[in-house]
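The values are calculated or read from the model by the stated rules, or taken from the named source; none is laboratory data. Because the structure is predicted, anything quoted here is derived from the model rather than measured. Every residue, glycine as well, gets a Cβ built from its backbone with ideal geometry; the counts of neighbours run over all protein chains shown. Remember, those area values only see protein heavy atoms, side chains included, never the ligands or the DNA or RNA. Shrake-Rupley method; radii C 1.70, N 1.55, O 1.52, S 1.80 Å.
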Amino acid sequence: MKKTLTQIGIILPIFFFILMLFTYAVNVPWMDDTDAFPDFLGRFLEAKDWNERAWLLFKPNNEHRIVYAKLMNLLHYALTGTLNMRTLTIMSNITLFGILWIFWRVIKEQKIAPMYFLPVPFLLLQPQYYLTSLWTITGFQYQPVIFFGLLGVYLLSRNTLLTFFGAVLAVFFDSFTMSNGLFYWMVGLVVLALQGRYKMLGVWAVFAVATFKLYFYRFDTEANDQGFQYFFKHPHESFFGFFTHLGGGLDFQTLSPILIRSIAPTITGFILIGVCIWWIFLKVINTKEKFSLINFWEKLQLRFNNEPSNYIILGSLLFLIINALVIAILRPRFGYFVMIVGNYKIYPATMLVVVYLMLLTGWLKNIKSQKVFRVLLISSILFNMASYIKFLPEIHERRKDLLVRAFNQEYNKIGFGPYVGSDFDQYVQTSLGRLIPKGIYQFPTNTVFKTSEKEILSNFADNQNLKVNVSTVNKEIFVENYDLPTGFGLNDGAYLILKSPTKTYLIYEKRFLYNFKDSGFFIKIPEKYLVHATYQVGVFWVKGNERKIYKTDKIVEVNY
């Protein structure tokens with residue numbers, strides 16, 4: 001009975017996470033996706049020789065080389081002959097389950113009862129980092145960089161010559177998954193030193209230096225230079241940012257001012273680091289003996305080599321700490337909120353798992369009472385549930401917003417890029433222009449907007465009228481209504497239609513948890529998103545199977 005309950009407990013968070021992926025992943029290349037997917041694929045297919053293809057594969061994209069993402073793009077194209085961002089987004093999460101498997105090895109190799117693994121999937125598989133799990137480019141960076149690096153650490157812990165070179169290959173590949181993978185070379189040095197494999201440590205160092213040199217060949221580091229300049233002027237932000245980032249799993253006040261929002265994550269970060277210090281140092285130090293650095297090192301080596309699976313925990317921790325230090329030093333110049341930005345939250349989620357495994361291996365497995373474990377298990381389940389309650393509405397709304405943008409990109413050549421006529425706008429059009437005529441990429445077809453596209457694109461009917469208010473505040477135009485009922489379905493919402501003699505746009509304003517039940521809508525017309533013109537205002541309303549297009553008596557002049 002206990003075994004069955006354990007299996008169900010492990011399967012449940014996996015099932016809900018996969019259900020979320022299949023429900024909310026969409027075939028939309030959003031922002032940074034353009035570089036790694038439509039643009040790369042189009043250029044690769046048109047490349048004249050393999051030298052050009054190799055350069056496209058390895059050339060930096062923003063601040064990273066993302067070979068893994070591009071290889072998966074090519075694999076998908078080889079299998080299907082298409083570019084489908086929905087499928088690729090789902091594929092990008094495969095490595096999450098690889099991370100789960102590596103953490104399972106700790107439980108298995110230390111012969112701990114399987115039920116103690118239960119909190120791990122509840123802590124790891126949750127929606128806080130949806131800007132990783134449901135954004136293709138980040139999904140092929142942040143999750144695999146943890147997995148391939150941990151795979152390297154796991155192979156090093158096997159302590160054989162064959163697995164050593166397997167670890168070299170894993171970390172080398174990880175380095176070209178994104179730049180953070182380079183941190184695992186430093187992690188490997190610590191692991192090999194603790195193992196006492198000093199010859200192998202030297203070999204590892206040679207591979208590390210060679211990888212760093214290769215990685216930074218023809219690589220622009222100007223952005224990092226600016227990060228260091230900001231750090232020297234504001235070191236306190238980096239100090240607190242380190243803890244804020246690591247404790248980001250407790251970031252539930254996402255709409256509060258950053259000072260208030262960061263309190264819980266920062267306190268959590270201090271607590272988590274306290275547990276880490278206890279697990280690494282205090283478990284080894286004997287207060288009755290005179291402290292000796294040599295004696296401490298020997299005891300540390302003995303402890304890890306008696307239970308090699310602890311290297312997985314240590315490797316995870318070292319990576320997360322180095323990563324947090326780099327983020328805390330280089331990123332505050334963009335704003336303190338970056339410490340807990342959504343696409344970084346896979347790191348604090350992993351940190352929660354690592355600290356739980358520390359408590360498990362350093363304490364819980366040695367006590368007979370299961371009271372503490374039950375508290376931790378219930379806490380992990382509540383954490384998982386709270387994460388879905390808080391962040392699932394954001395994911396729900398993001399899907400609608402992306403599909404609206406896809407509609408606008410298809411009919412108005414704007415949507416995937418931020419501004420009409422911007423360099424990025426032209427870049428998106430050029431990238432898609434290589435693929436759409438060949439049928440390699442197609443805009444999403446199975447959407448409520450495509451089903452109703454004739455009605456949306458046609459002139460408004462006179463028999464469906466709706467009252468709305470139009471206001472201008474600081475030159476920003478807002479359209480509002482407080483009467484239309486609100487639904488909670490996958491497509492439910494009020495979508496603004498702006499129609500000129502030559503263009504028809506859809507505009508959607510995402511709702512949040514606090515106003516999800518409110519009737520009506522309050523929509524801002526985004527700046528530089530529409531061609532300058534006079535637009536008649538209409539509304540496309542969806543609730544369940546009901547769909548209506550309303551005409552209003554309002555006209556807006558868009559000229560910004």
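The residue that is farthest from the chain's Cα centre (by Cα), counting only those in region 432-486 that are part of a helix (DSSP H, G or I) and buried (at least 18 other Cβ atoms within 10 Å of the Cβ), is Ile456. Only residues that are on the phi < 0 side of the Ramachandran plot, small (Gly, Ala, Ser) and either open to solvent by less than 50 Å² (accessible area, probe 1.4 Å) or in contact with a Leu (Cβ under 6 Å, 6 or more places away or on another chain) (or both) were counted in region 59-107, giving 3.
Residue pairs whose Cβ atoms lie under 7 Å apart, sitting 6 or more positions apart in sequence or on different chains, and linking a residue in region 66-83 that is over 24 Å from Ser179 (Cα atoms) to a partner that is assigned to a helix (DSSP H, G or I) and among the aliphatic types (A, V, I, L, M), are Tyr77/Leu41; Leu83/Leu41. Here region 401-431 is the region considered, the condition is being in contact with an Asp or Glu (Cβ under 9 Å, 6 or more places away or on another chain) and among the small types (Gly, Ala, Ser), and the residue that is surrounded by the most Cβ atoms within 10 Å (Cβ to Cβ) is Ser431.
Of note, Leu317 does not satisfy the criterion of being at pLDDT 95 or above, part of a helix (DSSP H, G or I), open to solvent by 20 Å² or more (accessible area, probe 1.4 Å) and of a type in the set (A, V, I, L, M, F, W, C). Test Ile327 against the criterion of being touching a residue at least 60 places away in the same chain (Cβ under 8 Å), of a type outside the set (Phe, Trp, Tyr), over 18 Å from Ser157 (Cβ atoms) and in contact with a helix residue (DSSP H, G or I) (Cβ under 7 Å, 6 or more places away or on another chain), and give yes or no. In short, yes.
Step by step: first the residues of region 274-302, then only those that are in contact with a helix residue (DSSP H, G or I) (Cβ under 7 Å, 6 or more places away or on another chain) and open to solvent by less than 60 Å² (accessible area, probe 1.4 Å), then the one that is farthest from Leu318 (Cα to Cα). Which residue is that? Step by step, filter region 274-302, then rank; the result is Val284. For Thr534, the stated conditions do not hold, so it cannot be described as part of a loop (DSSP other than H, G, I, E, B), hydroxyl-bearing (Ser, Thr, Tyr), modelled with pLDDT of 90 or more and open to solvent by 30 Å² or more (accessible area, probe 1.4 Å).
Which members of region 33-52 meet the condition of being open to solvent by 70 Å² or more (accessible area, probe 1.4 Å) and in contact (Cβ under 8 Å) with a residue 60 or more places away in the chain? Correct list: Arg43, Glu46.
The helices (runs of 4 or more DSSP H) located wholly in region 113-153 that include 3 or more residues which are aliphatic (A, V, I, L, M) occupy 119-124.
Please tell me if Ser309 is among the small types (Gly, Ala, Ser), open to solvent by less than 60 Å² (accessible area, probe 1.4 Å) and touching a residue at least 40 places away in the same chain (Cβ under 8 Å). Yes; evaluated as a whole, the condition is true for this residue. Within region 232-250, the only residue that satisfies the criterion of being open to solvent by 30 Å² or more (accessible area, probe 1.4 Å) and either at pLDDT 95 or above or under 19 Å from the mean Cα position of the chain (by Cα) (or both) is Leu250.
The single condition among (1) modelled with pLDDT of 95 or more; (2) open to solvent by less than 50 Å² (accessible area, probe 1.4 Å); (3) over 22 Å from Phe424 (Cβ atoms); (4) not charged (D, E, K, R) that Leu19 does not satisfy is (2).
Put simply, of Ala349, Ala386 the only residue that is outside any loop (DSSP other than H, G, I, E, B) and within 18 Å of the chain's Cα centre (by Cα) is Ala349. Take the conditions (1) buried (at least 20 other Cβ atoms within 10 Å of the Cβ); (2) of a type in the set (A, V, I, L, M, F, W, C); (3) over 21 Å from Lys299 (Cα atoms); Val187 misses just one of them, which is (3).
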